[in-house]
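I have placed the structure first, in the form of structure tokens, so that the comments after it can refer back to it.
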Amino acid sequence: MGASMGSPVTTGKNLCIGCGLCAALCPERALSMAWNRYGEYSPAEADPCTTGCGLCAKVCPFAGSGENEDTLGERLYGAIPGIRHRPETGYYLASYVGYSEEHRQRSASGGVATWILERLLSEGIVDRVICVAPTGDPERIFAFRIFESPEEVRTGAGSAYYPVELSGVIREVLAVPGRYAVTGLPCFIKAIRLAQQQNKKLRERVAVTLGLVCGQLKSRRFTEYAAALAGVRGEVVGVRYRGKSPDQPASNFYFSFATRDGEEHKIFWREGIGEAWGNRWFTPKACNYCDDVFAECADVTCMDAWLPEYSRDSRGTSLVLVRSPLVREALKEGIALAPIPVERLIQSQAGVVAVKREHLAYRLHLNGERAPEKRVVPARPKNPILRQEIAAKDRMQEFSREFEGCWADFRAAMGPDLARLAALRAIRVPVRALQSLRGGRRG
């Protein structure tokens, strides 16, 4: 690209999440999305940029364009009658808990997201749905696809902890008239909203956005590592990330891998997947600087009901946060949903909220002017144990992105920081007990 504007990656303080909106909207088709050496998508120069229009930076969710989820959310939802706002969730009209019995078993949680997409189609609210679905291609196991029937939408049910990018489907939206529903993680939905401000066709054609709560994305190497843990030796052509077992709680789901030679391998969350996830192995750098938990720019957001009264049910339960009157009307019939206080939704995602608030505040404090501008105020946690935990996870995250050896050596290389975290956890319990005791004495 031209030297006058730089690439979207450098514009965003070297924070690219690989959403693909820059490549989709570039008027010169100067960018294409490609795998980088970390197993993440990033924009690559396909042809020289001659105009330096800067549109790529304007639609980048991490470029610091002056727009954040507060300003975007206010423009989208602030004038809706009855709308409310919380700093954790952004704007919201209503919150629900429930499931779709028809979709529950094949979905990651209660199947409500799939049900909503099908209903939008069946009611004629949208003509086409954009969501992530399997491809059968080992070089790109999942991708955004465009569907026109409920039966097709069901192929996209379930989670995909795998890199995907929007450039191809957004180009089709621009080329083919119609009303579209788009699903995505918080940063992807934000990028779409930024793009809609720059492109009239996107404003008119993207009719509904459905967001998913997100703690972090993963590179394709996360899937490769999980497959190795499961004992996979052949080429993986398909993955199911959220398999449900009736004898296990919803939190101990399994990953299953299908190989080209017809074998299937399975591994449960507690058999090593959770360790990789919780310690932020194979997580893109941009995820360290995200402060949007509840996809604040989406018309409706779906999430797992990680609450004691629901998480033991292996079938899964969904929580739903609604911002659009159109979606709220669509939810009134045909599904088992009940109102639930928004505070319970926040509680259900307490771990993600902590990472995207307290942990982010410390990262912003450490990086100073090198860090992007966020809504979270930079701060140094008073708790030294928390500071050491964040530092250890950041080291492991960076090591996992750079690692190029064999998987048999990978976890051993993480040993010192894993031991350090175990020691910190052992200290944390008595410290909390002492703090509670002191608090009781003051009371």
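The values are calculated or read from the model by the stated rules, or taken from the named source; none is laboratory data. Owing to the predicted nature of the structure, the values given are computational and were not obtained by experimental measurement. Counting neighbours? That spans all protein chains shown, and the Cβs are built from the backbone with ideal geometry, glycine included. Surface areas here come from the heavy atoms of the whole protein model, side chains and all, with no ligands, DNA or RNA. Shrake-Rupley method; radii C 1.70, N 1.55, O 1.52, S 1.80 Å.
Check Gly98 against each of (1) modelled with pLDDT of 95 or more; (2) more than 23 Å from Arg179 (Cα to Cα); (3) open to solvent by 10 Å² or more (accessible area, probe 1.4 Å); (4) not hydroxyl-bearing (Ser, Thr, Tyr) and name the one condition it does not meet.
Here Gly98 meets the rest and fails (3).
Of the residues Gly98, Gly110, which is in contact with a Gly (Cβ under 7 Å, 6 or more places away or on another chain) and in a strand (DSSP E or B)? Working first, answer last.
Working: Gly110 fails: in a strand (DSSP E or B).
Only one candidate qualifies: Gly98.
Out of the residues in segment 26-56 that are at pLDDT 95 or above and among the aliphatic types (A, V, I, L, M), state the one that is farthest from Leu166 (Cα to Cα).
Restricting to residues being at pLDDT 95 or above and among the aliphatic types (A, V, I, L, M), the top hit is Ala34.
From Val322, Val352, Val377, grab the single residue that is among the β-branched types (Val, Ile, Thr) and open to solvent by 60 Å² or more (accessible area, probe 1.4 Å). Please lay out each step first, then the result.
Numbers: Val322 fails: open to solvent by 60 Å² or more (accessible area, probe 1.4 Å); Val352 fails: open to solvent by 60 Å² or more (accessible area, probe 1.4 Å).
Of the residues listed, the single one that is among the β-branched types (Val, Ile, Thr) and open to solvent by 60 Å² or more (accessible area, probe 1.4 Å) is Val377.
Does Gly73 qualify as being open to solvent by less than 30 Å² (accessible area, probe 1.4 Å), more than 30 Å from Arg401 (Cβ to Cβ) and not acidic (Asp, Glu)? If you could, list the steps in order and put the result at the bottom.
On the way: open to solvent by less than 30 Å² (accessible area, probe 1.4 Å): yes; more than 30 Å from Arg401 (Cβ to Cβ): yes; not acidic (Asp, Glu): yes.
Against the criterion (open to solvent by less than 30 Å² (accessible area, probe 1.4 Å), more than 30 Å from Arg401 (Cβ to Cβ) and not acidic (Asp, Glu)), Gly73 qualifies.
Would you mind telling me which numbered condition in (1) among the hydroxyl-bearing types (Ser, Thr, Tyr); (2) closer than 14 Å to Arg179 by Cα; (3) free of Cβ contacts under 8 Å to residues at least 24 places away in the same chain Ser122 fails?
(3)
Report yes if Arg363 is among the basic types (Lys, Arg) and surrounded by fewer than 14 Cβ atoms within 10 Å (Cβ to Cβ), otherwise no. It would help to see each step written out before you state the result.
Values: among the basic types (Lys, Arg): yes; surrounded by fewer than 14 Cβ atoms within 10 Å (Cβ to Cβ): no.
Answer is no for this residue.
Filter segment 42-58 down to the residues that are open to solvent by less than 20 Å² (accessible area, probe 1.4 Å) and either assigned to a helix (DSSP H, G or I) or in contact (Cβ under 8 Å) with a residue 60 or more places away in the chain (or both) and list them by number.
If the condition is that a residue be open to solvent by less than 20 Å² (accessible area, probe 1.4 Å) and either assigned to a helix (DSSP H, G or I) or in contact (Cβ under 8 Å) with a residue 60 or more places away in the chain (or both), then Cys56 is the only one that fits.
Identify, please: which residue in segment 11-40 is assigned to a loop (DSSP other than H, G, I, E, B) and open to solvent by 40 Å² or more (accessible area, probe 1.4 Å) and is, among those, nearest to Gln216 (Cα to Cα)? Lay out the reasoning, then the answer.
The initial filter retains those residues of segment 11-40 that are assigned to a loop (DSSP other than H, G, I, E, B), namely 12-20, 26-30, 36-40.
Okay, now just the ones that are also open to solvent by 40 Å² or more (accessible area, probe 1.4 Å), so 13-14, 27-29, 36-38.
Numbers: Lys13: 18, Asn14: 17, Pro27: 31, Glu28: 32, Arg29: 29, Asn36: 18, Arg37: 19, Tyr38: 15 Å.
Looking at residues that are assigned to a loop (DSSP other than H, G, I, E, B) and open to solvent by 40 Å² or more (accessible area, probe 1.4 Å), I get Tyr38.
I'm checking my understanding of the structure. Among residues of segment 223-251 that are assigned to a strand (DSSP E or B) and closer than 12 Å to Trp269 by Cα, which one is modelled with the highest pLDDT?
Tyr241
So, of the residues in segment 394-408 that are in a helix (DSSP H, G or I) and either in contact with a Gly (Cβ under 8 Å, 6 or more places away or on another chain) or modelled with pLDDT under 95 (or both), which turns out to be least open to solvent (accessible area, probe 1.4 Å)? Give the derivation first.
Filtering segment 394-408 for residues in a helix (DSSP H, G or I) gives 394-402, 407-408.
Then keep just the ones that are either in contact with a Gly (Cβ under 8 Å, 6 or more places away or on another chain) or modelled with pLDDT under 95 (or both); that gives 407-408.
Working: Trp407: 67, Ala408: 90 Å².
Going through the qualifying residues, I end up with Trp407.
With respect to Ser219, determine if the residue is open to solvent by 20 Å² or more (accessible area, probe 1.4 Å), touching a Phe, Trp or Tyr at 6+ places or on another chain (Cβ under 8 Å) and among the hydroxyl-bearing types (Ser, Thr, Tyr). Let's see the steps before the verdict.
Details: open to solvent by 20 Å² or more (accessible area, probe 1.4 Å): no; touching a Phe, Trp or Tyr at 6+ places or on another chain (Cβ under 8 Å): yes; among the hydroxyl-bearing types (Ser, Thr, Tyr): yes.
For Ser219, the condition - open to solvent by 20 Å² or more (accessible area, probe 1.4 Å), touching a Phe, Trp or Tyr at 6+ places or on another chain (Cβ under 8 Å) and among the hydroxyl-bearing types (Ser, Thr, Tyr) - is not met.
Among the residues that make up segment 190-207, is at least one of them touching a strand residue (DSSP E or B) at 6+ places or on another chain (Cβ under 9 Å) and of a type in the set (Asp, Glu)?
no
Does Gly368 satisfy the condition of being assigned to a helix (DSSP H, G or I), exposed (fewer than 14 other Cβ atoms within 10 Å of the Cβ) and under 19 Å from the mean Cα position of the chain (by Cα)?
Working: assigned to a helix (DSSP H, G or I): yes; exposed (fewer than 14 other Cβ atoms within 10 Å of the Cβ): yes; under 19 Å from the mean Cα position of the chain (by Cα): no.
In short, no.
Among the hydrophobic types (A, V, I, L, M, F, W, C), out of contact with any Phe, Trp or Tyr (no Cβ under 8 Å at 6 or more places or on another chain) and touching a residue at least 24 places away in the same chain (Cβ under 8 Å) - does that describe any residue in segment 340-349? Full working, then the answer.
Initial filter on segment 340-349 (among the hydrophobic types (A, V, I, L, M, F, W, C)): 340, 342, 345-346.
Narrowing the set further to residues that are out of contact with any Phe, Trp or Tyr (no Cβ under 8 Å at 6 or more places or on another chain) leaves 346.
After this cut, where a residue has to be touching a residue at least 24 places away in the same chain (Cβ under 8 Å) as well, the list is 346.
Yes, segment 340-349 contains a residue that is among the hydrophobic types (A, V, I, L, M, F, W, C), out of contact with any Phe, Trp or Tyr (no Cβ under 8 Å at 6 or more places or on another chain) and touching a residue at least 24 places away in the same chain (Cβ under 8 Å).
How about segment 130-180: which of its residues are under 22 Å from Leu194 (Cβ atoms), open to solvent by less than 30 Å² (accessible area, probe 1.4 Å) and in a loop (DSSP other than H, G, I, E, B)?
Pro163, Val164, Leu166, Gly178
Here are Tyr289, Tyr310: which of them is open to solvent by 30 Å² or more (accessible area, probe 1.4 Å) and of a type in the set (Ser, Thr, Tyr)? Explain how you work it out, then say what you get.
Working: Tyr289 fails: open to solvent by 30 Å² or more (accessible area, probe 1.4 Å).
Checking each option against the conditions leaves just Tyr310.
Do we have Arg84 as at pLDDT below 95, in contact with a helix residue (DSSP H, G or I) (Cβ under 9 Å, 6 or more places away or on another chain), open to solvent by 60 Å² or more (accessible area, probe 1.4 Å) and under 29 Å from Leu345 (Cα atoms) here? Explain how you work it out, then say what you get.
Values: at pLDDT below 95: no; in contact with a helix residue (DSSP H, G or I) (Cβ under 9 Å, 6 or more places away or on another chain): yes; open to solvent by 60 Å² or more (accessible area, probe 1.4 Å): yes; under 29 Å from Leu345 (Cα atoms): yes.
So Arg84 does not fit the description; no.
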